[in-house]
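The values are calculated or read from the model by the stated rules, or taken from the named source; none is laboratory data. Note that the structure is a prediction, hence the values are computed from the model and not measured. No Cβ is skipped: glycine too gets one built from the backbone with ideal geometry, and neighbour counts run over all protein chains shown. When the accessible area is computed, the model is the full protein with side chains, heavy atoms only, and any ligands, DNA or RNA have been set aside. Shrake-Rupley method; radii C 1.70, N 1.55, O 1.52, S 1.80 Å.
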Amino acid sequence: MTERHVTLHGFNNLTKSLSFNMYDICYTKTKEEREAYLEYIDEQYNADRLTHILKNVSDIIGAHVLNIAKQDYVPQGASVTFLVSEGPVVEVPTESYEESPGPLPDSVVMQLDKSHITVHTYPEYHPDEEISTFRADIDVSTCGEISPLKALNYLIHSFETDTMTIDYRVRGFTRDINGDKLFIDHDISSIQNYIPDEVIDLYDMIDVNVYQENIFHTKCKLKRFDLNNYLFGYTKDKLTADEQREITERLHNEMDEIYYGKNIIR
């Protein structure tokens with residue numbers, strides 16, 4: 001791995017943006033099951049819990065939190081936004097330039113400025129198919145030495161997720177001491193290199209990357225399927241074999257539609 005220690009003309013004002021989208025899927029046959037699931041999700045991922053997660057993300061990327069805005073919505077959903085600023089500047093460790101998973105979570109004090117971290121949740125349900133879906137969108141945007149991809153490992157471990165879509169983009173430019181533009185300051189070939197092997201083994205993954213534009217996209221779908229993980233309040237032994245097959249098909253269809261980004265006719 002080539003180290004990219006370059007003397008800059010001024011502050012590193014490249015904008016590095018990570019978007020992490022996770023999905024949880026549940027079979028909710030009755031109105032009561034659906035309401036109970038949404039209540040559970042709202043409690044599990046309320047604004048206070050999400051604030052705790054984002055505070056750990058701030059520690060990982062070395063941010064000083066300037067302001068926190070958080071809100072639990074009615075009837076469901078929550079949002080949290082952090083405005084963060086430059087943390088204490090220390091010697092930049094070489095691993096900040098490597099394609100490798102970040103910590104879980106330890107404080108990694110780095111340099112960044114004028115950045116933000118946000119999360120929004122979206123519980124919803126299918127009107128006919130008895131499927132409820134919960135989505136959380138987390139955006140980490142930084143300027144400075146470290147890539148927000150170093151927070152990805154922690155984010156994955158913070159949510160129990162069936163399907164993930166991950167986007168990373170480096171925007172703008174900074175200048176070296178000679179005035180030449182730098183459009184990216186670290187090597188990257190795939191977002192997957194920032195995910196631990198033990199997590200990669202759990203998912204089917206597809207990359208869609210536009211290297212010349214510094215745009216990277218990875219989507220992930222859980223390989224193993226246990227119907228018990230998708231029933232709310234009971235286990236599959238309460239269902240007939242035909243019911244298990246039908247529900248499994250509906251759940252797989254929902255996952256595939258999210259994974260491939262299109263409606264699939266059964």
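Solvent-accessible area of residue 240, probe 1.4 Å, all protein chains present, reported in Å² to the nearest ten, please.
Surface open to solvent at residue 240 totals about 80 Å².
Report in % the part of the accessible area of segment 173-266 that belongs to carbon and sulfur, leaving out ligands and nucleic acids; probe 1.4 Å.
With neighbouring chains kept in place, the figure for segment 173-266 is 48 percent.
For the pair residue 46 and residue 129, how long in nm is the line joining their label points, each one 7 Å along Cα→Cβ?
3.1 nm
Need the full-extension length gain, residue 264 to residue 171, defined as separation in residues times 0.36 nm minus the C-alpha distance. One decimal, nm.
Full extension from residue 264 to residue 171 adds 30.1 nm.
Find the lysine pairs in segment 142-249 meeting two conditions, Cα atoms under 29 Å apart and a separation of 8 or more places or different chains, and report how many there are.
9
Could you please put 225, 82 in sequence from largest to smallest accessible area, using a 1.4 Å probe?
From most accessible down to least: 225, 82.
Check the straight Cα-Cα distances from residue 70 and name the lysines below 21 Å, setting aside those fewer than 8 residues away within the same chain.
55, 114
Please go through segment 163-234 and write out the trypsin sites (Lys or Arg not before Pro) that DSSP classes as loop and that have at most 14 other C-beta atoms within 10 Å.
Counting only loop positions with at most 14 other Cβ atoms within 10 Å, the trypsin sites (Lys or Arg not before Pro) in segment 163-234 are 223, 224.
Using +1 at the C-beta of Lys and Arg and -1 at the C-beta of Asp and Glu, which of 206, 235, 220 has the Cα lying farthest in the positive direction of the dipole of segment 199-242?
235
So how do 265, 191 rank on accessible area, 1.4 Å probe, biggest first, that is with the largest at the start?
Reading off the accessible areas and sorting them downward yields 265, 191.
Binning every alpha carbon pair distance of segment 176-266 at 5 Å from zero, what are the percents per bin?
2, 10, 16, 14, 14, 12, 9, 7, 5, 4, 3, 2, 1, 1, 0
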